[in-house]
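Below is one structure, written out as structure tokens, with a few remarks after it.
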Number of protein chains: 2
Amino acid sequence: MRLVIARCSVDYEGRLDAHLPLATRLLLVKADGSVLVHADGGSYKPLNWMSPPCTLAVEPATGPHAEAGAVEVWTVKASKTEDRLVVAVHEVLHDSTHELGTDPGLVKDGVEAQLQKLLAEQVELLGEGHQLVRREYPTAIGPVDLLVRSPRGGTVAVEVKRRAEIDGVEQLTRYLQLLNRDPLLSPVEGVLAAQEIRPQARVLATDRGIRCLVLDYDALRGVDDVESRLF
Amino acid sequence: MRLVIARCSVDYEGRLDAHLPLATRLLLVKADGSVLVHADGGSYKPLNWMSPPCTLAVEPATGPHAEAGAVEVWTVKASKTEDRLVVAVHEVLHDSTHELGTDPGLVKDGVEAQLQKLLAEQVELLGEGHQLVRREYPTAIGPVDLLVRSPRGGTVAVEVKRRAEIDGVEQLTRYLQLLNRDPLLSPVEGVLAAQEIRPQARVLATDRGIRCLVLDYDALRGVDDVESRLF
DNA sequence: CACTCAATTTCGATC
DNA sequence: GATCGAAGTTGAGTG
């Protein structure tokens, strides 16, 4: 990654034409050849940029560019389209290059994981008197998202999905069959909890005596927020 | 603008939760306090960021962060929401600050200017035998977008708009009144050319004997591309 | 692989 | 100022 602070003007020709007048900006050249032109404000979006794949060519300024006072001209060309980014560098105030290596990448806690966590904190949504046994309750055929003790003495197995479809019902059914063999847990009810439950999944679940619970992500979060403010 | 290359891990809590494992990245702190975390690849979008308005607090690492090997902890808080970006800095490989000043900002050649340019190159779209006199033909009440010589001996004044509304018709009407006083140009016809012509504008234009021409931007560009390939 | 759809969307124009 | 829609959109998930 190369970082250049330079007085420069920038022209982009491609899906639209755009021009940046002479000013001091950050030119960020990434390892893949992509270039970002950032100002000292605004959002995360650069003033101008070229996405990879592209190639960067740096040449001494000539002709009109040189007459305008430019020292170098950077030409960034997209590999597959006619998009061109031309940076006329007038003065370089900083120039450094750094080895960063490949980034392990962003880990987003998926919505499903969030839902599971939030529902675990609010098991009373399953009905009064319910108590969480544990999240990711291990079984021979895989972990059950939530295992909950019912006030009636039995157990509730909850399958959490962002969007519940038929395979979610099948999965939960398998867990229920297995868990119901355990006299310490039996009888085990099933709950299919999701932001969105597809009609087919709802029909199949209902047919098998599995309860459907539609989760309101924002409401779940809202309660969560209130709780976290209290402590 | 502050540029820091650092080995760091990043956590974002807000509208979603996200985590970046320890790796070497660019931390970009803008004058408005916003922070961008960039890797050495990918698109123009940062791995993580905090949009202004927000505040950045830098403190020595303590507790779990310190145990994990962090030296500093940056906490970026959004001003209005509960969004938080926490950067655990383990090792600083580069740190520099630069004065950039406010950016004059991006100048986009609007679609209107593009349309005018493209139509100027393809005046035959107005009808066979038409010849461009000039773009931005100056008059006492402002420039006419396109002035064109008609094969019938008269002149055509063209008003180009991205989206033509009533005021565009009024504007063109004023030009026509003025231009028609010039015996060298008279008779002067009017053409309202736009990507989209609002029904009211079309009615008014037709009523005043002004021709409406719907422009296909892509088609105009397409022809332009073909031409530029030929030469 | 194409298509759909959300985005910590951002951004500008219009009502 | 709120709302609507496009973006040089990008990016992920699904059929």
For residue B:89, only one of the following conditions fails: (1) within 14 Å of chain A (Cβ to nearest Cβ); (2) within 21 Å of residue A:94 (Cβ to Cβ); (3) touching a residue at least 24 places away in the same chain (Cβ under 8 Å). What is its number?
(1)
Which one is surrounded by the fewest Cβ atoms within 10 Å (Cβ to Cβ) among residues in segment B:30-39 that are without any contact (Cβ under 8 Å) to a residue 60 or more places away in the chain and touching an Asp or Glu at 6+ places or on another chain (Cβ under 7 Å)?
B:30
Considering (1) open to solvent by 70 Å² or more (accessible area, probe 1.4 Å); (2) closer than 18 Å to residue B:215 by Cβ; (3) not hydrophobic (A, V, I, L, M, F, W, C), say which one residue B:127 fails and leave the rest.
(1)
Considering only segment B:56-163, give the strands (runs of 3 or more DSSP E) lying wholly within it that have at least 3 residues that are touching a Phe, Trp or Tyr at 6+ places or on another chain (Cβ under 7 Å).
B:84-97
Condition first: within 14 Å of chain A (Cβ to nearest Cβ) and either at positive phi or open to solvent by 40 Å² or more (accessible area, probe 1.4 Å) (or both). Now tell me which residues in segment B:70-86 satisfy that.
B:81, B:82, B:84
What do you reckon, is residue A:103 open to solvent by less than 70 Å² (accessible area, probe 1.4 Å), charged (D, E, K, R) and more than 11 Å from DNA strand D (Cβ to nearest atom)?
yes
Tally up the residues in segment B:22-55 that are away from DNA strand D (no atom under 15 Å from the Cβ) and over 15 Å from residue A:44 (Cβ atoms), please.
4
Being away from DNA strand C (no atom under 14 Å from the Cβ) and under 22 Å from residue A:38 (Cβ atoms) is the filter here; which residues of segment B:75-120 pass it?
B:89, B:92, B:93, B:94, B:95, B:96, B:97, B:98, B:99, B:100, B:101, B:102
Considering segment A:2-61 alone, what residues qualify as being acidic (Asp, Glu) and more than 7 Å from every other protein chain (Cβ to nearest Cβ)?
A:11, A:13, A:59
Selection status of residue A:67, open to solvent by 70 Å² or more (accessible area, probe 1.4 Å) and in contact (Cβ under 8 Å) with a residue 12 or more places away in the chain
no
Would you pick out the residues in segment A:195-220 that are in a strand (DSSP E or B), open to solvent by less than 60 Å² (accessible area, probe 1.4 Å) and in contact (Cβ under 8 Å) with a residue 60 or more places away in the chain?
A:213
Matching residues in segment B:43-55 (surrounded by 17 or more Cβ atoms within 10 Å (Cβ to Cβ) and either in a strand (DSSP E or B) or among the aliphatic types (A, V, I, L, M) (or both)) number 5
Quick test of your reading of the structure: residue A:167 fulfils all but one of (1) under 22 Å from residue A:204 (Cβ atoms); (2) more than 30 Å from the chain's Cα centre (by Cα); (3) at pLDDT below 85. Name the failing condition by number.
(2)
Of these, A:149, A:162, which one is at pLDDT below 95, of a type in the set (Lys, Arg) and open to solvent by 20 Å² or more (accessible area, probe 1.4 Å)?
A:162
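The values are calculated or read from the model by the stated rules, or taken from the named source; none is laboratory data. In this text, all values refer to a predicted model and were calculated from it rather than measured experimentally. Methodologically, a virtual Cβ is constructed for each residue, glycine included, from the backbone with ideal geometry; neighbour enumeration extends over all protein chains shown. The protein model used for the area step is the full one, side chains on, heavy atoms only, and it has no ligands, DNA or RNA in it. Shrake-Rupley method; radii C 1.70, N 1.55, O 1.52, S 1.80 Å.
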